[in-house]
1. Taking Ser53 and the conditions (1) without any contact (Cβ under 8 Å) to a residue 40 or more places away in the chain; (2) touching a helix residue (DSSP H, G or I) at 6+ places or on another chain (Cβ under 7 Å); (3) among the polar types (S, T, N, Q), which numbered condition does it fall short on, given that it satisfies the others?
2. If you scan segment 1-36, which residues turn out to be in a loop (DSSP other than H, G, I, E, B), touching a Ser or Thr at 6+ places or on another chain (Cβ under 7 Å) and under 25 Å from Pro128 (Cα atoms)?
3. Based on this model, can you work out whether Ile100 counts as under 22 Å from Asp62 (Cα atoms) and of a type in the set (Val, Ile, Thr)?
4. Just one of (1) more than 15 Å from the chain's Cα centre (by Cα); (2) surrounded by fewer than 17 Cβ atoms within 10 Å (Cβ to Cβ) trips up Gly144, so point out which.
5. Taking helices (runs of 4 or more DSSP H) that fall entirely within segment 48-121, which contain at least 2 residues that are modelled with pLDDT of 95 or more, over 28 Å from Val22 (Cβ atoms) and among the charged types (D, E, K, R)?
6. Every residue in segment 17-39 that is over 22 Å from Asn176 (Cβ atoms) and under 14 Å from the mean Cα position of the chain (by Cα), please.
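The values are calculated or read from the model by the stated rules, or taken from the named source; none is laboratory data. Since this is a predicted model, take the numbers as computed values, not measurements. Every residue, glycine as well, gets a Cβ built from its backbone with ideal geometry; the counts of neighbours run over all protein chains shown.
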Amino acid sequence: MVTVPGDGLIRCGWAGTAPDYVAYHDEEWGRPVRGDDLVFERITLEAFQSGLSWLTILRKRDNFRKAFSGFSIPAVAAFDEGDVERLLADTGIVRNRAKIEAAVANARAALEVPGGLSALVWKYAEVPGRGPATPADIPARTPGSTALAKELKKYGFRFVGPTTAYALMQAIGLVNDHIAGCHVREAVEALRRA
């Protein structure tokens, strides 16, 4: 648990005191996200985060949105080698060829998902529970994230292993891993039940 000086609100320990983390924790993390393009954005950002600090991705998120056409699945699916080269030269994003190519491949794969990407991902929403008491109670992966990763890979998605899939599940509200006592936990739980 952590409190930010001046507001006294209890937060999950990872939220720290960096303003970007505090805002992300309080306003986004764990809140339900639906819609194919919105879910695609989160899958893409989670993949780019692999091996890096999430704070790096948060601080570059607006640049990612511009570079990847607002994460419009049809627009990114139409990217060609020229777009990949453009992205590799874009200092506002993480310039990793494998991750850039994965984002394009994932957009193309998303177009092929019957019923849409959001519906596929939300099949793996977990039943609300008591919530973790400590960070040690939060797994890096679950049977649900392993199954989600496997299904995404079946459609051709890349950079979506079980750990990345679980981070996605946490980020978009398929699970609520706000620590018991966190001031956001109950609000997120109410949104998940709605």
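1. Going through (1) without any contact (Cβ under 8 Å) to a residue 40 or more places away in the chain; (2) touching a helix residue (DSSP H, G or I) at 6+ places or on another chain (Cβ under 7 Å); (3) among the polar types (S, T, N, Q) one by one, Ser53 breaks only (2).
2. Leu9, Arg34, Gly35
3. Yes.
4. (2)
5. Output list reads 81-88, 97-111.
6. Asp36, Asp37
So that you can scan it fast, the table gives a plain yes or no per residue for (1) of a type outside the set (A, V, I, L, M); (2) touching a Lys or Arg at 6+ places or on another chain (Cβ under 9 Å); (3) in a helix (DSSP H, G or I):
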residue: Pro128; (1), (2), (3): yes, yes, no
residue: Phe159; (1), (2), (3): yes, yes, no
residue: Leu168; (1), (2), (3): no, yes, yes
residue: Gly173; (1), (2), (3): yes, yes, no
residue: Glu189; (1), (2), (3): yes, no, yes
